[in-house]
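Heads up: the structure comes next, in structure tokens.
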Amino acid sequence: MAAGNRHDPTRTACSDSGYSLMEFMREYPDDAACLEHLWRTRYSPDGEHAECPKCERERVFKRYATSQGRQSWTCTGCGHHVHPTAGTIFAKSSTSLHLWYFAIYMMTSTRCGVSAKMLEREIGVSYRTAWRMLNLIRNELMRDDGIPLSGDVEADEASVDGKPRKQGPRRQIALGPSRRSEAAKLRVRSRATVFAAVERGGRIKATVLPSRHGPHLQRQLVKWVEPESIIITDDWPAYYGLKRHFIDHSQINHSAGYYVDGNTHTNTVEAFFGHLKPSIRGTYRKVSHRWLQGYLNEFVWRRNARYNPTSMFESLLDAATHERV
Ligand SMILES: [Zn+2]
């Protein structure tokens, strides 16, 4: 290894990292740096001039120290205050912006997810606060972009373990062997159906569906995928009839033990499930159906972000500077 400056560590070119912790610490050393970043990105590229909505023209803005430590810049022409956090997920949050930025950094530095318990320990907030932060990041910053998929698109569905309710299987098992078959049925019911579609060499989309029956799967594919595409699935009968909606549909006969036939396979989408399922088990243990979509958003976002020209951290932070929809 070449000798580097140990007092100023830099990211090695051969590292998989697109943005290291050292860079984060240098760029965002405190709360003020994060606020300044929001101010410059959202309102004032030079940090001084911005469009005043009241004066309806460009004005010089100043940040005045107030006893409440107000997070705003003031128009020197009319006294109008501009709050850089307004309309974003940071608005009205009493948690330091610096901690928010670090939570965003953590979400992009992992490949297997960040649990609220872990964030609670890392940044020293309550479990409730950590959970709320992650929930907002997953559901506001990482949600589906609405751009349809096209080309060769693989689709598949899978079951993800849900969280059993208090009255669920565990209590039933405790009641005795006669109730075990009932418990097994409840366990099946506690699983959620997750459906995903992926462009070969491109983006992926995933959602929770009420069932794996034809109408649900096909309706979702029509919503996600351009009609001029070729769909590739396994031989599950729910996919029969897809040729009506797309230019072609090929199926690989998994039930007969065939997994690849030339270009016909569902290995790409299965690889996504092969990463999603153990990650959920390892990081979150079990996820309730109510919040499962947020976790899907997270894994989908990270997988798609690899095609972004900027680092994952910069992409997610960029999403955070936009107004909430
Ligand atoms: Zn003004």
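Brief remarks on what is shown
- Choice from TYR295, TYR43, TYR239 showing the highest fluctuation, given a GNM over the chain with Cα pairs closer than 10 Å: TYR43
- Carbon/sulfur fraction of accessible area - the stretch 201-295, other protein chains in place, 1.4 Å, %: 53 percent
- The distance linking the stretch 108-123 with the stretch 1-61 is 22 Å (Cα centroid to Cα centroid, whole angstrom).
- Kirkwood hydrodynamic radius over Cα pairs of the stretch 91-144, then Stokes diffusion coefficient at 25 °C and 0.890 mPa s, in µm²/s: 219 µm²/s
- Within a straight-line Cα-Cα reach of under 20 Å, LYS286 can be paired with the following lysines, leaving aside sequence neighbours fewer than 8 residues apart in one chain: LYS117, LYS163, LYS166, LYS185, LYS277.
- Using a Förster distance of 22 Å, the FRET efficiency for ASP8-SER109 (Cβ separation, nearest 0.05): 0.60
- Phi to ³J(HN,Hα) by Karplus 6.51 cos²θ - 1.76 cosθ + 1.60 over the stretch 104-121, Hz, x for Gly, Pro: 5, 4, 4, 4, 9, 8, 9, 10, 10, x, 10, 7, 4, 4, 5, 4, 3, 6
- Max mean-square fluctuation residue, GNM over the chain, Cα-Cα springs under 10 Å, options GLY294, GLY79, GLY151: GLY79
- P(r) for the chain, from all Cα pairs and a bin width of 10 Å, is 5, 20, 25, 22, 16, 8, 3, 0 %, short bins first.
- Overall, the chain carries a charge dipole of about 2060 debye about its Cα centre when +1 sits on the Cβ of Lys and Arg and -1 on the Cβ of Asp and Glu, all other atoms neutral.
- Projected label points at HIS322 and GLU122, each 7 Å from Cα along the beta carbon direction, are separated by 2.3 nanometres.
- Rounded Å value of the spacing that divides the Cα centres of the stretch 289-313 and the stretch 268-287: 13 Å
- Pairwise Cα separations in the stretch 207-267 fall into 10 Å bins from 0 onward with the following percentages, short to long: 22, 52, 26, 0.
- For the stretch 246-305, projected area of the alpha-carbon convex hull averaged over all directions, nm²: 6.3 nm²
- Rounded to 0.05, the FRET efficiency of the TYR258 and ARG212 pair, given R0 = 25 Å and the Cβ-Cβ distance, is 0.75.
- FRET E, pair THR310, ASN139, Förster distance 25 Å, beta-carbon r, rounded to 0.05: 0.70
- Stokes-Einstein D in µm²/s, Kirkwood radius over Cα pairs - the stretch 40-167 at 25 °C with 0.890 mPa s viscosity: 133 µm²/s
- Diffusion constant of the stretch 1-91 at 20 °C, which comes from Stokes-Einstein with the Kirkwood Cα-pair radius and 1.002 mPa s, µm²/s: 137 µm²/s
- Within the chain, the longest run free of GluC sites (Glu not before Pro) that sit in a DSSP loop with at most 12 other Cβ atoms within 10 Å is 57-227.
- 5 angstrom amide H check on ARG63, placed H, neighbours 5+ away: THR74
- Where the Cα pairs of the stretch 220-325 fall when distances are cut into 10 Å bins, in %: 11, 29, 36, 20, 4, 0
The values are calculated or read from the model by the stated rules, or taken from the named source; none is laboratory data. Everything numeric here is computed off the predicted structure, so don't read it as measured data. A quick note on method: Cβ atoms are made from the backbone with ideal geometry, for glycine too, and the neighbour counts reach across all protein chains shown. Note: accessible area is taken over every heavy atom of the protein model, side chains too, but ligands, DNA and RNA are not part of it. Shrake-Rupley method; radii C 1.70, N 1.55, O 1.52, S 1.80 Å.
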